[in-house]
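To keep things clear, I will list the structure first and then write my remarks on it.
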Amino acid sequence: VQLQAFGGGLVQARGSLRLSCTASGHTFSSYAVGWFRQAPGKEREFVTSTTYSGGTTVYADSVKGRFTISRDNAKNTVYLQMNSLKPEDTAVYYCAAKYSVHTRTRAYEYDYWGQGTLVTVSS
């Protein structure tokens, strides 16, 4: 599975962005998908994940109520809608996939990674 994340950019605090993660090379609908982020000088951290069907989602406390993960398996795409952005959300955002029926919250559990897309939130 090849993943490509895009949609990052520069946005002001309290603004919104939508990231997309597209997959190729395999049927995406059999994969759990997660979003992670890595800020400069920090470790990669979990943001959110969803099951292969999109029926179950998990969020980090830091983004709960502001971010929403969704997927369109017909388009082989998973989305991350980010609202009420804060400067501390600034990071490179990565999507990841694992052939699994369950959500995963740890980076080492994922087998496939996209290249990352930079989100910068200005104050």
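Values computed for the structure shown
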| quantity | calculated |
| --- | --- |
| Net charge contributed by nearby residues that have their C-beta within less than 10 Å of Val58 (K/R +1, D/E -1) | +2 |
| The range 28-53 and the range 70-90: distance between their alpha carbon centers, rounded to Å | 10 |
| Under-5 Å amide H pairs with Arg104, H placed in peptide plane, nonlocal only | Thr50 |
| Value of relative contact order over the chain, rounded to a whole percent, pairs C-alpha under 8 Å and six or more apart | 37 |
| Proximal charge balance of Tyr99 [Cβ under 14 Å; K/R count +1, D/E count -1] | 0 |
| Those lysines that a straight Cα-Cα span of less than 23 Å connects to Lys86, excepting residues fewer than 8 apart in one chain | Lys42, Lys64 |
| Proximal charge balance of Gln115 [Cβ under 15 Å; K/R count +1, D/E count -1] | +2 |
| Rounded to whole Hz, the Karplus (6.51, -1.76, 1.60) HN-Hα couplings of the range 69-76, x for glycine and proline | 9, 8, 9, 10, 5, 5, 9, 6 |
| Probe 1.4 Å, all protein chains present, accessible-area order of Arg104, Arg66, largest first | Arg104, Arg66 |
| Residues whose placed amide H lies under 5 Å from that of Leu85, excluding near-sequence neighbours | Arg14, Gly15 |
| J(HN,Hα) series, the range 5-15, from Karplus relation 6.51 cos²θ - 1.76 cosθ + 1.60, nearest Hz, glycine and proline x | 9, 8, x, x, x, 9, 9, 7, 3, 6, x |
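The values are calculated or read from the model by the stated rules, or taken from the named source; none is laboratory data. Every value quoted in this text rests on a predicted model; they were computed, and no experiment measured them. All Cβ positions, glycine included, derive from the backbone under ideal geometry; neighbour counts span all protein chains shown. Heavy atoms of the whole protein, side chains included, go into the accessibility calculation; ligands, DNA and RNA do not. Shrake-Rupley method; radii C 1.70, N 1.55, O 1.52, S 1.80 Å.
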